[in-house]
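Right, one structure below, let's go through it.
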Amino acid sequence: MSNASKVDLNDVELNEVELEKQPMTVRESGNNDGISPVTEKNGIVKVKIPEEEIKFTGLSKEELLKVAGTPGWVKVRWALLILFWLGWIGMLAGAIAIIVQAPRCKPIPEMNWWNYGPLYLIGDVNSFTKSPGLQGLANKIEKMDELKIKGLVIGPVHVSTADEHRDLRLNDISSETGTLEEFKNVIQAAHKRGIYVVLDLTPNYKGSEPWFTNEAVNTTVVQLKSSLIHWLKEGVDGFLFYGVEKVSTEVPSLWRDVEVIIHNQTEGETKKVLIGITDQSSPDDIAAVLNSTGVDLLLSGALRSKSALEIAHTVDRLYSTHNQSQLAWNIGGRITGHLSSLVGLVHVKLWQLLLLTLPGTPVFNYGDEIGLQDKSTKYPAMVWNLSSQDINETSKRELEKMGSFRAFFKAVSEKRMKERSLQHGEYLPLFNSTTALAYVRRWDQNERYLIALNWHSNDTITLHLKHAELPEQATVVFSTTSKMASGDLLHLAALKLEPEQGVMLKFPYTS
């Protein structure tokens, strides 16, 4: 082909391209002569053809084997293998060193069910419930569970005539209290919620002497032994007796039989508790009764009508001579009355805080959680509805105060149940005077709790607390007054307590 022909072909190709770039024209409808150009132009469309993707398939088996056998790769493999095992051995050695050097946890001391929460005395069942009798008590078990009560001490409920031992029928429930079937309902309802039932089986509870006259003690204890077996078969978890030092002294051989019956149980059975009550108040006399009677817990006058200094001495003395699982702390009772009547309404929270945080088992009379007071009787009717609207202003204020007492009791009792330092922790006294007391409860590596109490009605006191384990500051957990709020930080070198104020503080364990 000649050069002229080539030029002509190129011109044709260029002209065709130029024509493609020209505006498109359309003939307008109704206008045969006019041609209107369209605003858009045809362009050249460029299509990118992707290059063929090249996939890396790696080395073949033969190639890998060939490379793997080279001296360089053999050395690398051995170096990595040695590093792996050295690292593994190093981590193992480090873990062993941490375990060896870490402080060991102390073993939990031997405890029984009655050491895990408060015991609650219900001396007169009909006064405790609006619905008369034992069936009404069964319906109130849920309320007891809310307070984290661990055991109910009920009664006495058996048939007895004051000072007439011939009328004693320990196996029969008095008709005004209820029936055996209702008592079984109480036990069943309590056990469902992890609450144990203890029966006050004091024989002559209506008379002047708990065990009748000296002549009747022998026959009474003989009847008692068969009665214990009867009530144990019905599901009772323990027994309480007034005047235990009298019967254990006058008929020691028969009393030992009582101990054996209560404590003799087969493996796997719930341990039964033997609780005694004495009028003794000095720590030495209380210790003597504990040792001579063989009771598991002894309620006494140890804390009643004493100054803070005397309370501190009593607690220190009993704690130093007895396992704290044997110690029981109470103020009121079936005969002595209610907490608020004995210490005054203004001190109810102070005593609730003290009883719930001392080393041992706290014991309360029914209604102590709401500040129930004795008036014309030691068995006042329990108040259940704390939000009644159909009352006068005076009653409304009283109910609000009762609600405040109950809320405080519930909060401290729940805290005691959760914290090992408060359940079975060591007791460390820090300060005491005639009106003030401070101590720490601590256990192993758990959080520590400091309790400080001021019974003085007028004076603010400053406690200068110093001990190697104390930090500079501690956090408020509970306060009996509104002067402090939960979460406040207080300086322990100069801890100020308002009149009639108690406080619980916490601080962490440090190694």
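Read-outs: derived from the displayed coordinates by stated rules, not from any lab. None of the values given here were measured: they were computed from a predicted structure. Reconstructed Cβ throughout: ideal geometry from the backbone, glycine too, with neighbour counts over all protein chains shown.
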Pair Glu469, Glu62: separation of 7 Å Cα→Cβ label points (nm): 7.8
field: Listed residue (Ile154, Ser395, Gly72) projecting farthest to the positive dipole end of the chain, Cβ model
entry: Gly72
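Divide the volume of the convex hull of the Cα atoms of region 285-420 by its number of residues and quote the answer in cubic angstrom per residue. Provide the component values of the computation, followed by the final result.
On the way: hull volume 16.4 nm³, N = 136.
Convex hull volume per residue, Cα atoms: 121 Å³.
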statement: Per-residue ellipticity at 222 nm attributable to helices in the chain (runs of n ≥ 4 DSSP H, -39500 (n - 2.57) apiece, nearest 500 deg cm²/dmol) works out to -11500 deg cm²/dmol
query: Over the Cα atoms of the chain, what Rg and Dmax result, in angstrom?
result: 42.1, 156
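Can you give the % of DSSP beta bridges in region 113-425 that are antiparallel, to the nearest 5?
In region 113-425, DSSP labels about 15 percent of beta bridges as antiparallel.
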task: Sort the following peptides by mean Cβ neighbour count (other Cβ atoms within 10 Å, averaged over residues), highest first: 239-251, 106-118, 480-492.
output: 239-251, 106-118, 480-492
Cα→Cβ-extended label distance, 7 Å offset, between Asp279 and His313, nm: 2.2
- prompt: In square nanometres, what is one fourth of the surface area of the convex hull spanned by the alpha carbons of region 252-296?
  reply: 3.7
message: Using only Cα atoms and rounding to the nearest 10 degrees, what angle (0 to 90) does helix 308-321 make with the longest principal axis of the chain?
response: 80
- prompt: Using the Cα atoms of region 179-318 to build a convex hull, what is its mean projected area in square nanometres?
  reply: 10.3
message: Relative contact order of region 428-507, please, whole-number percent, based on alpha carbon pairs below 8 angstrom and at least 6 residues apart.
response: 34
task: Find, to one decimal place in angstroms, the Kirkwood hydrodynamic radius of region 360-451, where the mean of 1/r is taken over every pair of different Cα atoms and then inverted.
output: 15.9
field: Length gained when the stretch Thr460-Ile98 is fully extended (0.36 nm per residue, less Cα-Cα span)
entry: 125.5 nm
- prompt: Under the Kirkwood approximation applied to all pairs of distinct alpha-carbon atoms, what is the hydrodynamic radius of region 472-511 in Å?
  reply: 10.6
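Evaluate the relative contact order of the chain (contact order divided by residue number), counting alpha-carbon pairs under 8 angstrom at least 6 apart; express in whole percent. Could you put the intermediate results ahead of the total?
Working: 840 pairs, mean separation 51.7, N = 511.
Relative contact order of the chain: 10 percent.
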message: Output needed: percent of Cα pairs per 5 Å distance bin for region 384-511, bins running from 0 to the one holding the longest distance.
response: 2, 10, 18, 20, 18, 13, 8, 5, 4, 2, 0, 0
- prompt: Using the C-alpha gyration tensor of region 209-265, what are the square roots of 5 times its eigenvalues, in whole angstrom, with the largest one first?
  reply: 20, 11, 10
statement: For the chain, the dipole about the Cα centre with charges only on Cβ (Lys and Arg +1, Asp and Glu -1), to the nearest 20 debye, works out at 960
- request: Within 10 Å, count the other beta carbons around each residue, average over each peptide in 292-303, 336-347, 225-236, 80-91, and list them highest first.
  value: 292-303, 336-347, 225-236, 80-91
